[in-house]
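Read-outs: derived from the displayed coordinates by stated rules, not from any lab. As the structure is a computational prediction, the values presented were derived from the model and not from experiment. Glycine gets a Cβ as well: all are built from the backbone with ideal geometry, and neighbour counts include every protein chain shown.
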Amino acid sequence: MFETTEVLLLLLFVAVFYIYNELRVTRQRFFNIDRKLDCLLEEKGILFDKQTYVPKDVLVAFNLGHKLKAIRLYRHHTGASLKQAHELINSLESN
């Protein structure tokens, strides 16, 4: 019959295959969710900068020196609190 090491190797192979398959399925789900979010944002006319993941109109306001407007726009688009929006705009300032 099978030795203990052979059984353990077989179980290890099955476990690795199962985990790999689950990761592949999860990766596909995330890809689908990301595509759906992109479609929804595009439908609403919200464009994000791909480096900072901040709405483009927020970046435009920030780059023009309208810090308060940038905070207000960010809160409007994301539903963030005043503190969160302020911290984000300050982090853009330091970059």
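Here are the numbers:
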{"quantity": "For Phe48, distant residues with modelled amide H under 5 Å away", "calculated": "Lys56"}
{"quantity": "Qualifying trypsin sites (Lys or Arg not before Pro) in the stretch 2-67, DSSP loop, other Cβ atoms within 10 Å at most 16", "calculated": "Lys50"}
{"quantity": "Sequence-separation-based contact order of the stretch 53-95, relative, with Cα cut under 8 Å and 6+ spacing, percent", "calculated": "31"}
{"quantity": "Binned Cα-Cα distances of the chain, short to long, each 10 Å bin given as a whole percent", "calculated": "14, 29, 18, 14, 11, 9, 4, 1"}
{"quantity": "Rounded to whole Hz, the Karplus (6.51, -1.76, 1.60) HN-Hα couplings of the stretch 56-64, x for glycine and proline", "calculated": "4, 5, 5, 5, 4, 4, 5, 5, 7"}
{"quantity": "Sparsely packed GluC sites (Glu not before Pro) within the stretch 3-86, loop by DSSP, other Cβ within 10 Å at most 12", "calculated": "Glu3"}
{"quantity": "Proximal lysines relative to Lys67, as straight alpha-carbon distance under 16 Å, when same-chain residues fewer than 8 apart are discounted", "calculated": "Lys56, Lys83"}
{"quantity": "For the chain, the longest site-free run once chymotrypsin sites (Phe, Trp or Tyr not before Pro) in DSSP loop states with at most 10 other Cβ atoms within 10 Å are removed", "calculated": "3-52"}
